[in-house]
Structures are given as C-alpha cells and as structure tokens.
Amino acid sequence: MSYQHTQYSPATLRIAVLVLLAVVGTTVAVNGSRAGLAVILLTALIVGVALAVFSRLTIEMTDAEVRAVFGWGWPRRVVSLSDIVSVTGVRNSWWYGFGIRWFPGGTLWNVWGLDGVEFDLGDARKVRFGTDEPEALMAALSGRVQTF
C-alpha cells in the first residue's frame, strides 16, 4: 500500500445525540403505542447504521488503483490508475454535501470538509474523493498519473 488515510466526520457524534434526543422525545409523545414505538426504534436503528457507515472515509492507493471506502468496507469506489487521464486538487462547493453525491460532471465521495482530489476518467466522467490531506494524495499520485 503506497498511500492510506482515514478521515473521520466530527459531526457524526453531534448528529447521533440529536437523533437520540428525537427518538426519546418521540417515544414519550407516542405514549405506549407498540406500533409507534416499533417504527421509532426501526428508524433510529437505520439512522444509527447510516451514521456509523458514513462517519469515516478511507482512501487507499496501491500500485494499480485508488479506492475510497466508507465505514466497514462498503460502499466503496475503485478507480484504476490506468483509467485516470489527469488528477486535480479541488475545493468543493458546500452545497455538494457529504456522502456519495452527484456534482456537475461526476460523483463526489466525501465525509467532511471541502477539499478533495478530482480524477478525470475521460469521456466526460469525473470522480472526486474528499480528503483533509489532498496534497499528500496528490504527492502519492505524482509520477503515476498526470497531476495538475
């Protein structure tokens, strides 16, 4: 492995606390309804799993590919170094959001922050991986692909 870095979302704990407070408040409001309580607990479980999965993003680079992996290994996006036409350091707009998102021209994989690295795959396809250390990823890619 020639490069590996994991970035964590500082907002995940805050969101989890807000979800917990919402679940407790809604549970009190339901006032003993089993069906209502089941829906609330199922929703809390789904949100909790989603928060756990999307709370960290690991970017790994080998001799053949660059991978972005959320949470425990899924979802993941693999970009072959041979498919990359060029690489550029980028600053994402805040409205592109976090998680897996579409932006004009491609997809963005981001857990937190606005910095990232954009991979031009030709044929007007682009993939961006958000990272809090774009310079280190660009340095690891230097000499393997064309960087800008």
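Throughout, read-outs are computed from the coordinates displayed, never taken from laboratory work. Predicted model only: the values in this text are computed from it and were never measured. Cβ coordinates were reconstructed from backbone atoms using ideal geometry, including for glycine residues, and neighbour counts include every protein chain displayed.
Listed values, structure above:
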{"read-out": "Highest-MSF residue in the chain out of S82, S33, S55 [GNM, Cα springs under 10 Å]", "value": "S33"}
{"read-out": "Net lengthening on full extension, T6/V53 (0.36 nm per residue, minus Cα-Cα)", "value": "15.6 nm"}
{"read-out": "Percent of C-alpha pairs per 5 Å bin, the chain, short to long", "value": "2, 9, 18, 19, 15, 11, 8, 7, 5, 4, 3, 1, 0"}
{"read-out": "Sorted by Cβ neighbour density within 10 Å, fewest at the top, the residues I59, I84, I46", "value": "I46, I84, I59"}
{"read-out": "Separation between Cα centres of the range 83-148 and the range 1-55, rounded to whole Å", "value": "29"}
